[in-house]
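Before any comments, here is the structure.
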Amino acid sequence: MGRAVRACRSGSAAVEFALMVPLFIGLSLTGTEIAYMASVQLQISQIAVSLSDNASRLGQSDNSSVTPTVTEADVNSILLGAMKQGSSLNLQANGRIILSSLEYDDFTGRQWFHWQRCKGNLVRSSAYGPQGAGLDGTTIAGVGMGTTKITAISGSAVMVGEIYYQYKGLMGTYVVNQPIIRSEAAFLNRDDRNLGSRDTNGLSPNATASSC
């Protein structure tokens, strides 16, 4: 009787299948999560590029030689557009958009953030410092995630867009533990722009500022 039981193989396929199913499911879920996270990373990167690119296109819109020609309303519209672009990710609730104007200070020869505006509920700060950084005792050598840094030249500015996003996994924290995704982009101003003096905030105050 014992020999007959040991020799029986009629249910072996079912047993093997039952043992392998959890492994296959785990691999499938992991692959799906990784692919989705890569897609989210790409979207965040594209939003950062659009943010900086659109901000760099804000040109001189009037003949004023006293006040900056780029306004708070202009910047607010750029930030709102980035939020709309990230609406499918609920960027407002789960992210933070930071737009900074990197400029060259002729008096000290330093790079500094003349103004900085933010939007989004996630609590995060710029990796380079707040508004005024570079002239507040800190040093900004330039911006960029690579070894070659981007710097501003006299009379112009670099629009630096940074986005932080709290990733929400398809499977919760089963595969990844909801990391913070960060992306940035920088574009030199494409048009002439009245930057204002160093003792102003660099933007005409025609709307409520999206302060950081």
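Per residue, the stretch 159-212 exposes an accessible area of 51 Å² to a 1.4 Å probe, with every protein chain left in place. Near Lys149, which aspartates and glutamates are there with a Cα under 14 Å away, not counting those fewer than 8 places off in the same chain? Partners within reach: Glu103, Glu184. Amide H contacts for Ser204 (H built 1.01 Å from N in the peptide plane; partners 5 or more residues away or on another chain; cut-off under 5 Å): Val70, Thr71, Glu72. Straight-line reach from Lys168: taking Cα to Cα under 23 Å and skipping same-chain neighbours fewer than 8 places apart, the lysines in range are Lys84, Lys119.
If the chain linking Arg110 and Thr208 were pulled fully straight, counting 0.36 nm for each residue of separation and taking away their Cα-Cα distance, it would gain 32.4 nm.
Calculated accessible area for the stretch 36-141 comes out at 45 Å² per residue, all protein chains present (probe 1.4 Å; ligands, DNA, RNA ignored). Taking every alpha-carbon pair under 8 Å whose residues sit at least 6 apart, the stretch 50-171 reaches a relative contact order of 28 percent. Label-to-label distance for Asp199 and Ala93 is 4.6 nm, based on points extended 7 Å past Cα in the beta-carbon direction. Placing a label point 7 Å from the Cα of Leu170 along the Cα-to-Cβ direction, the residues of the stretch 84-98 with a backbone N closer than 18 Å are 88-90. Under a model in which nothing but the beta-carbon of Lys, Arg (+1) and Asp, Glu (-1) is charged, the stretch 57-212 shows a dipole of about 640 debye around its Cα centre. Shown is the FRET efficiency for Gln46 and Ile153, computed with R0 = 25 Å from the Cβ-Cβ distance and rounded to the nearest 0.05: 0.40.
Here the simple spin-label model places points 7 Å from the Cα toward Cβ, and for Ile34 and Asp53 these points are separated by 3.0 nm. To put it simply, the accessible area of the stretch 143-212 at a 1.4 Å probe is 50 percent carbon and sulfur.
The values are calculated or read from the model by the stated rules, or taken from the named source; none is laboratory data. Note that the structure is a prediction, hence the values are computed from the model and not measured. We place every Cβ from the backbone using ideal geometry, glycine too, and count neighbours over all the protein chains shown. All accessible areas refer to the heavy atoms of the entire protein, side chains included, with ligands and DNA or RNA removed. Shrake-Rupley method; radii C 1.70, N 1.55, O 1.52, S 1.80 Å.
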